[in-house]
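The values are calculated or read from the model by the stated rules, or taken from the named source; none is laboratory data. Because the structure is predicted, anything quoted here is derived from the model rather than measured. Using ideal geometry, Cβ is built from the backbone for each residue, glycine included, and neighbour counts are taken over all protein chains shown.
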Amino acid sequence: MSNPLFDFEIVVVGGGPAGLGAACAAAESGRRVALVDDTPWLGGQIWRGQKGRPRQAQEWIARFQRCGAALLPRTSVIAVPRAGLLLAEHDGEPCEISFANLILATGARELFLPFPGWTLPGIMGPGGMQSLVKNGWPVPGKRVVVAGSGPLLLAVADGLRQHGAIVPGIAEQAPWRNVLHFGFGLFAHPSKLCQAAQIKSRLIGVPYRCGVWPVRADGDSQIRHVTLTNGQSTWTEECDLLACAFGLVPNVELPLAAGCQLNDGFVRVDEWQAASVKGIYCAGEPTGVGGADCALVEGQIAGYAAGGQPARAQALFGRRATWHKFRAALASAFALRPELKTLAAEDTLLCRCEDISLGRVRRHHNWRDAKLQTRCGMGPCQGRVCGAAAKILLGWGMESVRPPVLPARVRSLILKTEEPSTALAGQSNINP
Ligand SMILES: Cc1cc2nc3c(=O)[nH]c(=O)nc-3n(C[C@H](O)[C@H](O)[C@H](O)COP(=O)(O)OP(=O)(O)OC[C@H]3O[C@@H](n4cnc5c(N)ncnc54)[C@H](O)[C@@H]3O)c2cc1C
């Protein structure tokens, strides 16, 4: 049996701000475009879910619906078997998607750094917790400590309180001087300044401590308290939940599988957002963590460039330069302090999927060796959590990526991609 084949001129992977911007720009340039996302919704991490989307999100989703691009939701791209072809799963069933140009807008995930107790139930990333709460997970009356790094901590604390949680404090690892400097820099980005001021005003009364980070979590079947430090003293906060992550890690697995080169952990792109492989573009968080507005403008540039409209792409270069300054300010203000590399003890789990401690992993020379000898990074998350942590704690890079880039059914992998496929060209939306 052959896989069904979807055939498009331009395929965009990722339905967040970058992917939406790219798909609209490419389709408005007159190309036959498909937007593929593994979730049921458009909007990516920031605009995920159907209810309560901000106006900017509603406008972009409406523009997408008008632009004529096809939408392939619930479709995970798992491999790039050969040039011009993606292997994907739609609702668990394998399919192939062929393209002339590919725009990768795969976003980012949260960065978790291990500390004693970090795997206790009730501890999760702030962004992940926010998604659960937005989708109905009840938190009224729950004490939630928010910790880690980045402006997302404030947005999440605000959202949790709006859903009835008690936030006894926010612990930001970056020092005050960095955060203040970043805050003053927001005067160059009035929309961000306004957003930050609104969030801060709603958080009056919630302690926001800079230069503070978690050193351990304790509990029984659930976290009961977290120990925080400012480097001089330590104290504990009682809590029912801990929302903790140390910023974002770019999702570069699919770009790597497509052969794209990285630069300092991010996909290397030129001024047109073109990656090192001909016909492949990349936009949004895989090229640098700069927030939704940066992702939107990069996506549009990629879409116009792939769509053969260089002048329209070029007209956006100035806006992108502004957001790249914001991106650089984010990276420098919320750079991780060296103390975070020493939180985990030798028996602290590094790979929670396969139960492998930091001490066992550290005995090996590199990530590949450690994987082969211990199975770290070979569980369901496929190293997305522990690989990123190993990179920071041990300085190990990801040497290569193997398909599938997301968990997939064996059936999808054994179907021969060389066989002529059943063409579904011209098919538009598959039922969102
Ligand atoms: C969990 C989380 C929550 C966040 N919440 C907020 C917030 O509340 N406020 C805020 O300002 N910023 C938030 N951010 C940051 C925000 O994601 C970015 O600033 C911005 O949305 C980046 O846009 P993007 O288009 O580059 O990526 P994303 O919005 O991440 O979109 C990428 C999309 O690609 C899809 N995808 C990835 N790989 C594949 C694949 N192989 N096949 C198919 N689909 C794929 C993903 O499911 C996702 O929908 C959050 C980040 C994370 C990780």
Of those in the range 331-374 that are touching a strand residue (DSSP E or B) at 6+ places or on another chain (Cβ under 9 Å), among the hydrophobic types (A, V, I, L, M, F, W, C) and not in a helix (DSSP H, G or I), the residue surrounded by the fewest Cβ atoms within 10 Å (Cβ to Cβ) is Ala345
Spans of strands (runs of 3 or more DSSP E) in the range 205-264 with at least 2 residues touching an Asp or Glu at 6+ places or on another chain (Cβ under 7 Å), surrounded by 18 or more Cβ atoms within 10 Å (Cβ to Cβ) and in contact (Cβ under 8 Å) with a residue 60 or more places away in the chain: 223-229, 248-250
Which count do you get for residues in the range 162-184 that are more than 22 Å from Ala217 (Cα to Cα) and within 15 Å of the ligand (Cβ to nearest atom)? 3
Output the residues belonging to the range 299-323 that are closer than 23 Å to Gln58 by Cβ and either within 11 Å of the ligand (Cβ to nearest atom) or in a helix (DSSP H, G or I) (or both). Gly299, Gln300, Ile301, Ala302, Gly303, Tyr304, Arg319, Trp323
Considering the range 71-106 alone, what residues qualify as being over 17 Å from Leu5 (Cβ atoms), buried (at least 23 other Cβ atoms within 10 Å of the Cβ) and among the small types (Gly, Ala, Ser)? Ala105
Check the range 213-232 and report whether any residue there is modelled with pLDDT under 95 and within 16 Å of the ligand (Cβ to nearest atom). no
So which residues in the range 94-128 are more than 8 Å from the ligand (Cβ to nearest atom) and either at pLDDT below 95 or closer than 30 Å to Gly303 by Cβ (or both)? Pro94, Cys95, Glu96, Ile97, Ser98, Phe99, Ala100, Asn101, Leu102, Ile103, Leu104, Leu111
With (1) more than 30 Å from Arg32 (Cα to Cα); (2) over 21 Å from the mean Cα position of the chain (by Cα) as the list, and Cys95 as the residue in question, which single condition is left unmet? (1)
I'd like the residue in the range 265-298 that is in a strand (DSSP E or B) and farther than 26 Å from Leu113 by Cα and, out of all such residues, is nearest to the ligand (Cβ to nearest atom). Cys282
Residue within the range 244-258 that is away from the ligand (no atom under 13 Å from the Cβ) and of a type in the set (Asp, Glu) present: no
For the range 274-330, name all the residues that are farther than 26 Å from Gly30 by Cα and among the small types (Gly, Ala, Ser). Gly288, Gly290, Gly291, Ala321, Ala328, Ala329
Please go through the range 1-32 and pick out each residue that is over 23 Å from the mean Cα position of the chain (by Cα) and either in a loop (DSSP other than H, G, I, E, B) or within 18 Å of Thr287 (Cα to Cα) (or both). Met1, Ser2, Asn3, Phe8, Glu9, Ser29, Gly30, Arg31, Arg32
Those residues of the range 231-250 which are within 15 Å of the chain's Cα centre (by Cα) and of a type in the set (Phe, Trp, Tyr), in sequence order: Phe246
What do you reckon, is Leu35 part of a loop (DSSP other than H, G, I, E, B), buried (at least 24 other Cβ atoms within 10 Å of the Cβ), within 11 Å of the ligand (Cβ to nearest atom) and in contact (Cβ under 8 Å) with a residue 12 or more places away in the chain? no
Restricting the range 265-280 to residues that are surrounded by fewer than 18 Cβ atoms within 10 Å (Cβ to Cβ) and not aromatic (Phe, Trp, Tyr), which is nearest to Ala174 (Cα to Cα)? Gly265
Residues (within 14 Å of the ligand (Cβ to nearest atom) and not in a strand (DSSP E or B)) located in the range 54-93: Pro54, Gln56, Ala57, Trp60, Ile61, Phe64, Pro73, Arg74, Asp91, Gly92
So the check is Cβ under 6 Å with 6+ separation or different chains; which pairs have a first residue in the range 281-297 that's under 12 Å from Trp323 (Cβ atoms) and at pLDDT 95 or above and a second one that's of a type outside the set (A, V, I, L, M, F, W, C) and more than 9 Å from the ligand (Cβ to nearest atom)? Ala283/Gln273; Gly288/Arg327; Gly290/Arg327; Cys294/Arg327; Val297/Arg319; Val297/Arg320
Of all residues making up the range 129-140, the number that are away from the ligand (no atom under 11 Å from the Cβ) and under 21 Å from Thr227 (Cα atoms): 0
